[in-house]
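Student: Sending over a structure as structure tokens; questions will come in a sec.
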Amino acid sequence: MTLELSELIGQPHVVRALTRAAAQGDPAHAYLFEGPPNVGKTSAAVGFGRALLCTADADAACGQCQSCRLAAAGAHPDLRSFRPVISASPPDKPDQWLTAPAHLLGSLHPLDLLRRLRDEVALRPAFGRRRVVIVEEADRMTEESQNCVLKTLEEPPEGTILILTVVNVRNLLSTILSRCQRVPFRLVAPSAIEEWLARWEEVSQKAALLSRFADGRPGYALHLGTEPALWAGRRSVAELVRSAVAAEPVDAMRFSESVQDLAEALWPADGSVPGYGSLHGTNKTRAQRSKSCEVVEWMTSWFRDLLLLSLGAAPDRITNVDDTDWLGEAAARQGGAWAGTALETLTATRRKILQNANLSLVLEAMFTSIILGQSAN
């Protein structure tokens, strides 16, 4: 999806600052776009890059010049993006780096690929006066990779603008932070996301639900609504929650296996990332953990709704409005104490998964706790 800077939603301060920088023709040599995932950082970086490379005499990308057409087609030689990668090689073979899904546990920017970035920016722009290089999820750079990028920041080639997008700035060296102009991004109001989604024909009918489920992340809402496997996965998680509420402790192992099966099904299938079956060893385990965390996070939204309804919240306050009737019945039957305890269990489970605890055992313990909790009420 290609957006102009003016189309970025929920970030008016960002649009103003970047539009001004592009119009004045004197941008900083390095920017740090920081904020939660899926709030528009990469879209803003690409839109800013297009505006900087546009050859028309305009304040924003004209969309008509050769530079704009190349950028829109993803073929501009002076607009480059580097995304985190994951190894798809067996342990006994050299690494074959392939693009990783966004925010995947274990994905990284390895040193050899960042050296390629350093070599590229040292070259003169191929098309115009500038070159824009975007490093997505730069907080996944290793320390060696960061030091490689730091050399570019310390001696920036003329005409090169480097844009780093990050979620967690604490993972970056202070020397990198001090050399970048920092641009903060925020979560977006559900009403703004809903209005934005309504413009997209393929998701307009689900705009209200998606805007609630996205937790302030418009990019995530659009991805969820346009990726059939993700949308089907969400409904599978809903059925899993319903089953767990009415289950016996003996079912916990089966539910644990269901989460792991769902995690594999959620692996992207759009061809832009390696197939799940092509991963090996540690990388396959990390992929399973990452997507299992996503399933647990989705489960959290239903239990949060149960807690809200059990405390007397109006139905329009909940996230999963397509399950309002069942959630209301379950909340009345189980009560707020159980839902609150279940939420604590889900949060603890996600933390343990990220800390490399045994995935099957942690998930089984999670379901056992949830099932026993509802039995006690």
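Student: Hey, how many Å between the Cα centroid of segment 19-63 and the Cα centroid of segment 190-218?
Tutor: Spelled out, the Cα-based centre of one part sits 25 Å from the other.
Student: While we're looking at this one, here's another question. Measure off 7 Å from each Cα along the Cα-to-Cβ vector at Ala357 and Glu154, then give the distance between these two points in nanometres to one decimal.
Tutor: Going from the Ala357 label point to the Glu154 one covers 4.3 nm.
Student: Could you give the nm distance between label points at Glu248 and Leu111, where each point is 7 Å from its Cα heading toward the beta carbon?
Tutor: Inter-label distance under the simple model: 5.7 nm.
Student: Return the FRET efficiency for the residue pair Asp322, Ala265: r is the Cβ-Cβ distance, R0 is 35 Å, and the value is rounded to the nearest 0.05. All intermediate terms of the calculation are to be shown ahead of the outcome.
Tutor: Details: r = 20 Å, r/R0 = 0.57.
Result of the calculation: an efficiency of 0.95.
Student: Restricting to DSSP loop positions (anything but H, G, I, E, B) with no more than 13 other Cβ atoms inside 10 Å of their own Cβ, which GluC sites (Glu not before Pro) remain in segment 117-199?
Tutor: Working: sites: Glu120, Glu136, Glu137, Glu143, Glu144, Glu154, Glu158, Glu194, Glu195; in loops: Glu136, Glu137, Glu158.
Taking segment 117-199 and a limit of 13 other Cβ atoms within 10 Å, the loop GluC sites (Glu not before Pro) found are Glu158.
Student: Within segment 157-183, name every residue whose backbone N is under 11 Å away from a label modeled 7 Å from Cα of Arg129 along the Cβ vector.
Tutor: So the set is 159.
Student: Hey, what's the Kirkwood Rh for the chain if you take every pair of different alpha carbons, in angstrom?
Tutor: Numbers: mean 1/r = 0.0444 Å⁻¹.
It is 22.5 Å.
Student: Rg to Rh for segment 227-376: what is it, with Cα atoms only and Rh by Kirkwood?
Tutor: Working: Rg = 15.7 Å, Rh = 15.9 Å.
My calculation puts Rg/Rh at 0.99.
Student: Please list, in chain and number order, the residues 5+ apart from Ile9 or on another chain whose amide H is under 5 Å from its amide H, with Hs placed from the backbone.
Tutor: Answer set, sorted by chain and number: none.
Student: So, how do all the Cα-to-Cα distances of segment 5-184 break down into 5 Å bins, in percent, from 0 on up?
Tutor: Once binned at 5 Å, the Cα pair distances of segment 5-184 give 1, 8, 17, 21, 21, 16, 10, 4, 1, 1, 0.
Student: Can you compute the charge dipole magnitude of segment 227-376 about its Cα centre, using +1 on each Lys and Arg Cβ and -1 on each Asp and Glu Cβ, nothing else charged? Give it in debye, rounded to the nearest 20.
Tutor: Values: 14 positive and 18 negative charges, 109 e Å.
Value, rounded to 20: 520 debye.
Every number in this text was worked out from the coordinates using simple rules, so none of it is lab data. What you are looking at is a predicted structure, and each value in this text was computed from that prediction instead of being measured. As a convention, Cβ positions derive from the backbone with ideal geometry for all residues, glycine included, and neighbour counts pool all protein chains shown.
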